[in-house]
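What follows is a short report on a single structure.
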Amino acid sequence: VFCQQQVAQLRDVVDEIRGRGAELVLVGNGGVERARAFRDKQKLPFPLYTDPSLESYRLAGLRHGLGSLMSPRVALHAVAALRQGFRQHRTQGDPVQQGGVFVIAKGGGLLYQYVSREAGDHPDNADLLRALDEDAASRNRT
Amino acid sequence: MNVVDRLRDVEVQGTDGQKVRLGSLWQEQPSVLVFVRHFG
């Protein structure tokens, strides 16, 4: 549910991202089959990749596991997700992996980062667009 | 080493199974890179 909500939010902003000359890229962590099914079901209008090894998540400093979740309420959510994740499709991804968003300049500068604390915790679209605008403005000055 | 440098050489897979270096995704233009929790 949270994930579909996030996709809907990204769908709203993809044209504005491309209007700024940038691309929107999604990375998940299920198997390739599952990624393909997700893309087709959601009719994703942007490229989708997957990293079942979770190496990119780890290197990106994204949160993983129940250990970092201290509140009992959040822990309950995580346990539910864990149970649900394993009951549905093991290959859809890691049920206790959290996400995040990075806005990266052409060539590799970090413009913005957001590390999600829990399911449903996503940055505002306006913050992503502002990061791209500030990058464009700084390029125009030089 | 910042997060972008750490991610640059990691390979991910496209929906066609093809391996892609993450760094190639911001070589030609800026990128908004979204890591989702899981597919579902």
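The values are calculated or read from the model by the stated rules, or taken from the named source; none is laboratory data. Source: prediction; values computed, not measured. Here the Cβ positions follow ideal geometry from the backbone for every residue, glycine too, while neighbour counts run over all protein chains shown.
Please go through region A:112-142 and give me each residue that is buried (at least 22 other Cβ atoms within 10 Å of the Cβ) and part of a strand (DSSP E or B), ordered by number. Listed by number, the list is empty, since nothing qualifies.
Checking each residue in region A:15-65 for being facing chain B (nearest Cβ under 8 Å), polar (S, T, N, Q) and without any contact (Cβ under 8 Å) to a residue 60 or more places away in the chain picks out A:Thr50, A:Ser56. Reported count of residues in region A:38-61, each being closer than 25 Å to A:Arg18 by Cβ and surrounded by 16 or more Cβ atoms within 10 Å (Cβ to Cβ), is 12. When A:Glu134 is tested against (1) more than 7 Å from every other protein chain (Cβ to nearest Cβ); (2) out of contact with any strand residue (DSSP E or B) (no Cβ under 8 Å at 6 or more places or on another chain); (3) at pLDDT 95 or above, just one condition goes unmet, and that condition is (2).
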